[in-house]
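Before any comments, here is the structure.
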Amino acid sequence: MNKNAGTTDLGTLIGLLAGIGIIILGIVSAGGKIAWFWNFNSILIVLGGTFSATMVNLPLKAVTNIFNILKNVFRAEDYDYTGIIEEVVVKATKARKDGLLALEADLSAMEDGFFKNGIELAINERDTKRLRTFLNLEMNNIQSRHIAGQELFLYMASYAPAFGMLGTVLGLIIMMMNFTSGGGDLDLGADYSVAERFSELLRGMGLALITTFYGVFMANMIFLPIGGKLKRRSENEMMLKNIVVEGIISIHAREHPILIREKLMTFVPSQYRYNKNDKA
């Protein structure tokens, strides 16, 4: 269960804004201008090329799911490990006293879909090994979806710098061709000086390098951090799912609720465990 579902993850938002702010501060403090770093064509090459390569690599459905994944990234996460354990203990107590069929009345009130489906399976499946197999298959399906989301952003992180470099190379080629052929904005008349011509060359090189800047920035400030956050969240959610699976198996085996609590608490990191002396 996620106690903060629906709220915004301030860490992600603050980190993103702080990263952008630090880069802007670095530009301004070095005597640069923000306008120098804006170029629509550069953004088009990096983003367009990155998305195109990702669509070639991954199924279209996985790429179009990017906005749903982003919503999860900016959603706060705080899994209630001890809360789910206490819920398992309550169900175990009831099942031990009145039998597994007594849990059928609780299904409609259960919020966690995975837990609900697991209890339903436990009611209808007599063999514990088969029950564990079914639950593990469901966990594997969930983990596969998580990995697909992580790969989406990790692949984009690898493509963005490459397309940034490609855009720089294209910019340099176009600049050199215009420079040698007299195209573009260059005026090769009698009054044209070497200094002016060299200035045009440097300005063109600066514009060409902006594409590399965009590629490196997007990869290291957006795509890689999001991929890493998705990986960490997947690990936390799968830990919660493991607690639920072991809890359901223990309920099915009619284990004592106190032993179930102690066993499941071993899955929980120490910082999330309650103090037994403070329970009262």
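The values are calculated or read from the model by the stated rules, or taken from the named source; none is laboratory data. All figures in this text were calculated on a predicted structure; none of them were measured in a lab. So basically every Cβ, Gly included, is an ideal-geometry build from the backbone, and we count neighbours across all protein chains shown.
Results, tabulated for the structure shown:
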quantity: Pairs with Cβ under 7 Å, 6+ apart, first in region 260-272 and within 10 Å of I243 (Cβ to Cβ), second part of a loop (DSSP other than H, G, I, E, B); calculated: M265/R273
quantity: In region 101-138, the residues that are β-branched (V, I, T) and touching a Leu at 6+ places or on another chain (Cβ under 7 Å); calculated: I119, I123
quantity: Test for E138: is it touching a residue at least 24 places away in the same chain (Cβ under 8 Å), of a type outside the set (F, W, Y) and exposed (fewer than 13 other Cβ atoms within 10 Å of the Cβ); calculated: no
quantity: Subset of region 261-280 [at pLDDT below 85, of a type in the set (F, W, Y) and not in a helix (DSSP H, G or I)]; calculated: Y274
quantity: Flag for A53 being surrounded by fewer than 10 Cβ atoms within 10 Å (Cβ to Cβ) and of a type in the set (A, V, I, L, M, F, W, C); calculated: no
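Yes or no, residue by residue, for (1) acidic (D, E); (2) closer than 30 Å to Q271 by Cβ; (3) more than 23 Å from the chain's Cα centre (by Cα):
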{"position": "D80", "(1), (2), (3)": "yes, yes, no"}
{"position": "V88", "(1), (2), (3)": "no, yes, yes"}
{"position": "G113", "(1), (2), (3)": "no, yes, no"}
{"position": "R126", "(1), (2), (3)": "no, no, yes"}
{"position": "L131", "(1), (2), (3)": "no, no, yes"}
{"position": "Y155", "(1), (2), (3)": "no, no, no"}
{"position": "S158", "(1), (2), (3)": "no, no, no"}
{"position": "M165", "(1), (2), (3)": "no, no, yes"}
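Rundown of residues vs (1) of a type in the set (G, A, S); (2) closer than 30 Å to G171 by Cα; (3) surrounded by 10 or more Cβ atoms within 10 Å (Cβ to Cβ), yes/no style:
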residue: T8; (1), (2), (3): no, no, yes
residue: V28; (1), (2), (3): no, yes, yes
residue: V46; (1), (2), (3): no, yes, yes
residue: L70; (1), (2), (3): no, no, yes
residue: T93; (1), (2), (3): no, no, yes
residue: R96; (1), (2), (3): no, no, yes
residue: A102; (1), (2), (3): yes, no, yes
residue: A105; (1), (2), (3): yes, no, yes
residue: S108; (1), (2), (3): yes, no, no
